[in-house]
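Participant: One structure, pasted below without further comment.
The values are calculated or read from the model by the stated rules, or taken from the named source; none is laboratory data. For clarity, every value in this text was computed on a predicted model and none was experimentally measured. As a convention, Cβ positions derive from the backbone with ideal geometry for all residues, glycine included, and neighbour counts pool all protein chains shown. Heavy atoms of the whole protein, side chains included, go into the accessibility calculation; ligands, DNA and RNA do not. Shrake-Rupley method; radii C 1.70, N 1.55, O 1.52, S 1.80 Å.
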Amino acid sequence: MMRWTLKPKPSEDKVKGLAQALKVEEFVATLLVQRGIQTFEEARRFFRPTLADLHNPYLMKDMDKAVKRIELAIENQESILIFGDYDVDGTTAVSLVSSYLKTYYPNIATYIPDRYDEGYGISFKGIDYADDNGFSLIIALDCGIKSIDHVAYAKERNIDFIICDHHRPGAVLPEAVAVLDPKREDCSYPYDELCGCGIGFKLIQALGENRNQTIEDLTSYLDLVATAIAADIVPMTGENRILAYFGLQVINSDPRPGIKALIHQIKKKTLDITDVVFIIAPRINAAGRIKHGNHAVELLTEFDFEQAQQFASEIEAYNSERKDLDKQITKEALLQIEENLEKERFTTVVFQEDWHKGVIGIVASRLIETYYRPTLVFTKSGDKYAASARSVKGFDVYNALESCSEHLEQFGGHMYAAGMTLLQENYQSFKDAFEKVVEETIHPDCLTPEISIDAEINFSDITPKLLRILQQFEPFGPQNMTPVFLTKNVKDTGYAQKLGTNEEHLKLFVRQDNSEGMAAIGFGLGNKMEMTTDKKSFEAVYCIDENEWNGKTSVQLRLKDIKP
């Protein structure tokens with residue numbers, strides 16, 4: 001069952017005022033006000049993103065210290081190690097900062113920890129590597145905000161740290177030369193939703209100012225930033241939206257050879273943000289999941305297209321392996337849940353010691369599709385248990401883990417995704433504590449998937465002008481999702497059919513009253529065909545898509561759900 005909720009209507013005065021100022025229909029103005037856009041000027045910034053609206057990087061706490069330390073390292077011919085996590089955000093950030101610094105300074109190397117041997121974040125092994133190889137400065141990207149012991153360990157070895165992170169800090173910050181993280185309590189940077197690669201970009205923006213470079217000189221790096229923004233599912237607002245907007249332009253016009261090689265394999269002309277999420281990001285991620293994150297950095301920093309194609313085909317093979325593992329483990333996990341469904345639980349927690357650590361996060365997301373609960377998937381990692389957590393809309397899994405932290409060795413992450421490790425003997429006590437915390441704090445509504453509807457409209461409202469306006473809402477993402485509409489009194493014109501190998505999808509040709517007919521496709525809605533037969537009237541929630549076929553473009557509704 002899906003819960004349909006219509007977003008509350010904003011104040012009529014605001015909607016009317018904006019509709020008049022922009023000369024648009026009131027329901028379009030409603031969509032904008034729901035996204036926090038209330039004035040002509042805010043609408044201009046939304047519809048016409050410009051790089052000039054990016055904030056001054058020096059507004060970020062410690063940016064001056066970070067730049068000063070890097071310039072000193074260059075002056076003294078020190079070796080600098082660029083360290084980052086093994087996921088998309090980490091590997092794109094490392095690729096961005098290392099390739100930028102290498103344009104004018106040679107003594108740069110990169111380090112991505114091994115997912116299985118070292119785990120998430122800054123590792124002692126990585127610091128030892130830096131010590132053994134004469135690095136005196138480490139720039140950590142997309143990790144490090146809680147690495148107090150690691151930074152202290154490096155300090156004893158005369159290695160300085162600059163931390164660029166976007167995760168929530170703990171009560172104490174590491175004693176690094178500079179800690180760039182807009183989520184710091186004492187940082188007044190105007191936008192605190194950047195991803196790790198975004199913070200890396202702000203760092204090169206600040207370094208660029210010293211070399212009289214303008215933002216236009218740095219746009220070629222935005223293909224990496226847009227990829228990280230899409231993959232890390234950060235809000236598509238403010239600076240993220242500007243960076244993603246221009247990053248998509250780079251991806252579609254002149255991407256770096258590594259990204260070009262990935263696109264080359266999939267044979268798609270123009271990519272939107274959804275393509276980046278589902279096509280580019282999983283391939284970059286597959287390297288760290290299956291083999292090693294270094295392979296992703298090699299791909300993204302390679303300047304020879306033929307060599308990049310070679311790397312891309314290796315990564316394609318990792319991605320196929322990842323898909324097979326993900327299917328197999330999901331199957332085993334679902335079986336485990338079914339066998340243990342003796343009582344109604346508020347969480348899903350599963351464990352098997354031979355599950356591949358690289359795909360447990362994907363498996364957790366898959367389990368939520370079936371059992372809509374905060375979910376943890378555990379596997380064995382060395383002599384400990386490691387897990388990936390995924391949450392449901394409206395529930396903060398990071399806070400829940402914090403409440404059970406006495407059972408954990410370490411944990412970190414965001415509201416909707418986190419990772420943790422614990423000792424084997426603490427598994428059961430943690431599992432019980434986590435269930436209890438979720439049961440006591442989760443709102444019952446959070447346990448039913450919700451379709452959030454922007455507005456109720458009639459089919460007659462769907463005009464070419466509306467389509468043009470909606471296209472300008474892109475790129476979509478959290479806090480700027482693809483608009484979802486509700487239309488009542490819909491009928492199929494008699495063409496309803498099921499599609500797919502298991503007839504799981506639904507294809508309709510619909511109209512409302514005397515409106516023109518439109519094609520509609522509902523993925524996973526095959527079991528609801530009964531509601532549409534014999535000219536029965538139903539309600540539909542959907543997004544509006546354009547469908548290209550034989551050079552002709554037509555409107556197609558992407559159904560999210562239907563009900564009588």
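Participant: Could you check how many residues of segment 482-510 are within 14 Å of GLY522 (Cβ to Cβ) and among the polar types (S, T, N, Q)?
Facilitator: Counting residues in segment 482-510 that are within 14 Å of GLY522 (Cβ to Cβ) and among the polar types (S, T, N, Q) gives 2.
Participant: Taking only segment 40-71 into account, find how many residues are within 29 Å of the chain's Cα centre (by Cα) and either farther than 30 Å from ILE162 by Cα or among the β-branched types (Val, Ile, Thr) (or both).
Facilitator: The total comes to 11.
Participant: Specify the residue that is nearest to SER452 (Cα to Cα); the eligible residues are those in segment 49-66 that are not in a helix (DSSP H, G or I) and not hydroxyl-bearing (Ser, Thr, Tyr).
Facilitator: Of everything passing the filter in segment 49-66, PRO49 is nearest to SER452 (Cα to Cα).
Participant: Moving on. Testing ASN158 on (1) more than 23 Å from GLU409 (Cα to Cα); (2) open to solvent by less than 10 Å² (accessible area, probe 1.4 Å), one condition comes back false. Which one is that?
Facilitator: Of (1) more than 23 Å from GLU409 (Cα to Cα); (2) open to solvent by less than 10 Å² (accessible area, probe 1.4 Å), only one is false for ASN158: (2).
Participant: Looking at this structure, is GLU78 free of Cβ contacts under 8 Å to residues at least 24 places away in the same chain, open to solvent by 10 Å² or more (accessible area, probe 1.4 Å) and acidic (Asp, Glu)?
Facilitator: Working: free of Cβ contacts under 8 Å to residues at least 24 places away in the same chain: no; open to solvent by 10 Å² or more (accessible area, probe 1.4 Å): yes; acidic (Asp, Glu): yes.
No; evaluated as a whole, the condition is false for this residue.
Participant: Working carefully through the options ILE74, ILE127, find the one that is over 22 Å from the mean Cα position of the chain (by Cα), more than 17 Å from ILE163 (Cβ to Cβ), among the β-branched types (Val, Ile, Thr) and not in a strand (DSSP E or B).
Facilitator: From the options ILE74, ILE127, the qualifying one is ILE74.
Participant: Condition check: buried (at least 20 other Cβ atoms within 10 Å of the Cβ), at pLDDT below 95 and in a loop (DSSP other than H, G, I, E, B). Does ARG373 satisfy that? Steps first, please.
Facilitator: Details: buried (at least 20 other Cβ atoms within 10 Å of the Cβ): yes; at pLDDT below 95: yes; in a loop (DSSP other than H, G, I, E, B): yes.
Criteria met by ARG373.
Participant: Then there is this: Just give me the residues in segment 28-60 being free of Cβ contacts under 8 Å to residues at least 40 places away in the same chain and either farther than 20 Å from THR219 by Cα or crowded, with 18+ Cβ neighbours inside 10 Å (or both), in sequence order.
Facilitator: Hits for segment 28-60 are ALA29, LEU32, VAL33, ILE37, GLN38, THR39, PHE40, GLU41, GLU42, ALA43, ARG44.
Participant: Please tell me if PHE346 is touching a helix residue (DSSP H, G or I) at 6+ places or on another chain (Cβ under 6 Å), modelled with pLDDT of 90 or more and either of a type outside the set (Asp, Glu) or open to solvent by 40 Å² or more (accessible area, probe 1.4 Å) (or both).
Facilitator: Working: touching a helix residue (DSSP H, G or I) at 6+ places or on another chain (Cβ under 6 Å): yes; modelled with pLDDT of 90 or more: yes; either of a type outside the set (Asp, Glu) or open to solvent by 40 Å² or more (accessible area, probe 1.4 Å) (or both): yes.
Considered against the rule, which asks whether it is touching a helix residue (DSSP H, G or I) at 6+ places or on another chain (Cβ under 6 Å), modelled with pLDDT of 90 or more and either of a type outside the set (Asp, Glu) or open to solvent by 40 Å² or more (accessible area, probe 1.4 Å) (or both), PHE346 comes out as yes.
Participant: Give segment 87-131 a look and list any residue that's more than 24 Å from MET420 (Cβ to Cβ) and open to solvent by 50 Å² or more (accessible area, probe 1.4 Å), or say none.
Facilitator: Hits for segment 87-131 are LYS102, THR103, TYR104, PRO106, ASP128, TYR129, ASP131.
Participant: Give ASN240, ASN285, ASN319 a once-over and let me know the one that is open to solvent by less than 60 Å² (accessible area, probe 1.4 Å), closer than 23 Å to GLY84 by Cβ and modelled with pLDDT of 95 or more.
Facilitator: On the way: ASN285 fails: modelled with pLDDT of 95 or more; ASN319 fails: modelled with pLDDT of 95 or more.
Just a single option satisfies the conditions, and that option is ASN240.
Participant: Test each condition in (1) within 23 Å of GLY198 (Cβ to Cβ); (2) of a type outside the set (A, V, I, L, M, F, W, C); (3) open to solvent by 30 Å² or more (accessible area, probe 1.4 Å) for GLY84 and report the one that comes out false.
Facilitator: The failed condition is (3).
Participant: Taking the options MET481, MET529, name whichever one is touching a residue at least 12 places away in the same chain (Cβ under 8 Å) and more than 31 Å from the chain's Cα centre (by Cα).
Facilitator: Details: MET481 fails: more than 31 Å from the chain's Cα centre (by Cα).
The match here is MET529.
Participant: Could you grab me the full set of residues in segment 483-506 that are outside any strand (DSSP E or B), open to solvent by 50 Å² or more (accessible area, probe 1.4 Å) and within 16 Å of THR532 (Cβ to Cβ)?
Facilitator: Of the residues in segment 483-506, the ones outside any strand (DSSP E or B) are 483-484, 493-496, 500-504.
Filter again for open to solvent by 50 Å² or more (accessible area, probe 1.4 Å), leaving 494-495, 501-504.
Once the filter is applied, which keeps residues that are outside any strand (DSSP E or B), open to solvent by 50 Å² or more (accessible area, probe 1.4 Å) and within 16 Å of THR532 (Cβ to Cβ), segment 483-506 yields GLY494, TYR495, GLU503, GLU504.
Participant: What helices (runs of 4 or more DSSP H) lie completely within segment 1-48 and have 1 or more residues being basic (Lys, Arg) and farther than 17 Å from LYS465 by Cβ? Let's see the steps before the verdict.
Facilitator: Values: elements: 12-22, 26-34, 40-47.
In segment 1-48, the matching helices (runs of 4 or more DSSP H) lie at 12-22, 40-47.
Participant: Additional query: Take segment 267-320 and flag every residue that is without any contact (Cβ under 8 Å) to a residue 12 or more places away in the chain and either touching a strand residue (DSSP E or B) at 6+ places or on another chain (Cβ under 7 Å) or not in a helix (DSSP H, G or I) (or both).
Facilitator: LYS267, LYS268, LYS269
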